[in-house]
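I have placed the structure first, in the form of structure tokens, so that the comments after it can refer back to it.
The values are calculated or read from the model by the stated rules, or taken from the named source; none is laboratory data. All figures in this text were calculated on a predicted structure; none of them were measured in a lab. Quick reminder, even Gly has a Cβ in these numbers, built from the backbone with ideal geometry, and neighbours come from all protein chains shown.
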Amino acid sequence: MAYSVYLTGVYNDRLSTANWRPLFNDVLGRRELSRGLRHAPEGGATFPKMKTLHRTKGLVQELHVTSNGPMVTLWSEAGIRHTVLDSVSPHTPGLEYARNMLAVLAFCPRPQSCLILGLGGGSIPRMLMAACPHLQVDAVEIDPAVVRLAAEYFSIGSLPRLAIHLDDAAAFLHRCTTRYSLIIIDTYIGERFPDQCTTREFIVDARKCLIDNGVLALNWLSDDLQIRDQLLDCLESLIGPVWQLPCLDSGNMLYFATEAAHTRSTIISAAGAVGAELPFENSLKRLSQRLRKDTRGD
């Protein structure tokens, strides 16, 4: 495998790529359920009629991997899709919010480093690394089952500049001494966004890990307007102006915060230039045209 896996914080060791799988199995307590299961989980959500490749117990929820032709999907037990990989176009995520995260390049066209909190099947790092040939990515994921499934079914082993840290996102940020061009927060557990990732302390730690004029991007899927507004207030006061990008086919909203001075015209211009250079079909310029500055405080 080309990527690296580290056990930090709650795991306290470094793993070589040759011996991480046995430890994952040990952490999971060999709680895997049968492969090839073709029916919906008993008492749970009814999944579409797809071939079930794998079902396993993660740290806090049951995880499913299904296939339908070239499409491979990672589900949580509530029927929530976390990653969709199309083997025909692997650099284009199958989920709208993940595709739309490409808009981060409109704010930072040539990032050198990226921290992703929440790995899933790895579709966002795959897309960004294809877009930016020199980008180094650190991904933090607390659940070893997720990492194992990402390796077995979503081919993250083909991503040579990816380092995976098995750790809690907040704990990792608090200890972190590296500064990144981009920080992407996508820490959902099913439909739940962890409370600790909405606190001022969490954003303070994230800010210290951003370079000057770096960008923090956040995937938001919650109807709790009070928590959302508190979070956005923290982003604006601690980092800078917040821009929002609504997803058209889902309830996700993406937020981008940076201290750099941007106008809508400069964002669209940068997106057009970057999008024209990307080695895969993309909608970056169209995405940039839908970006709007958050105006709650105006």
Kindly list the number of the only condition in (1) in contact with a strand residue (DSSP E or B) (Cβ under 6 Å, 6 or more places away or on another chain); (2) within 23 Å of H91 (Cα to Cα); (3) small (G, A, S) that fails for A273. (1)
Test C209 against the stated conditions and say whether it is under 25 Å from Q112 (Cβ atoms) and at pLDDT 95 or above. yes
I need the full set of residues from the stretch 163-189 which are more than 13 Å from the chain's Cα centre (by Cα), within 16 Å of P133 (Cα to Cα) and not hydroxyl-bearing (S, T, Y), in order please. A163
Please state which of the following conditions A78 fails to meet, knowing it meets all the rest: (1) modelled with pLDDT under 95; (2) closer than 27 Å to G275 by Cα; (3) more than 16 Å from the chain's Cα centre (by Cα). (2)
State which residue is nearest to L105 (Cα to Cα) when the search covers only the stretch 218-239 and only residues that are free of Cβ contacts under 8 Å to residues at least 40 places away in the same chain and crowded, with 19+ Cβ neighbours inside 10 Å. L218
Got at least one residue in the stretch 261-282 being at pLDDT 95 or above, in a strand (DSSP E or B) and not aliphatic (A, V, I, L, M)? no
Quick check on G69: is it within 18 Å of L53 (Cβ to Cβ) and either at pLDDT 95 or above or surrounded by fewer than 19 Cβ atoms within 10 Å (Cβ to Cβ) (or both)? yes
Looking at L63, is it outside any loop (DSSP other than H, G, I, E, B), within 19 Å of F193 (Cβ to Cβ), of a type outside the set (G, A, S) and touching an Asp or Glu at 6+ places or on another chain (Cβ under 7 Å)? no
Would you check which residues across the stretch 217-274 are under 21 Å from the mean Cα position of the chain (by Cα) and polar (S, T, N, Q) and list them? N219, S222, Q244, S250, N252, T258
Determine if the stretch 242-260 includes at least one residue that is farther than 22 Å from S123 by Cα, surrounded by fewer than 19 Cβ atoms within 10 Å (Cβ to Cβ) and without any contact (Cβ under 8 Å) to a residue 24 or more places away in the chain. no
I'd like the full set of residues that are at positive phi and among the polar types (S, T, N, Q), limited to the stretch 192-243. N213
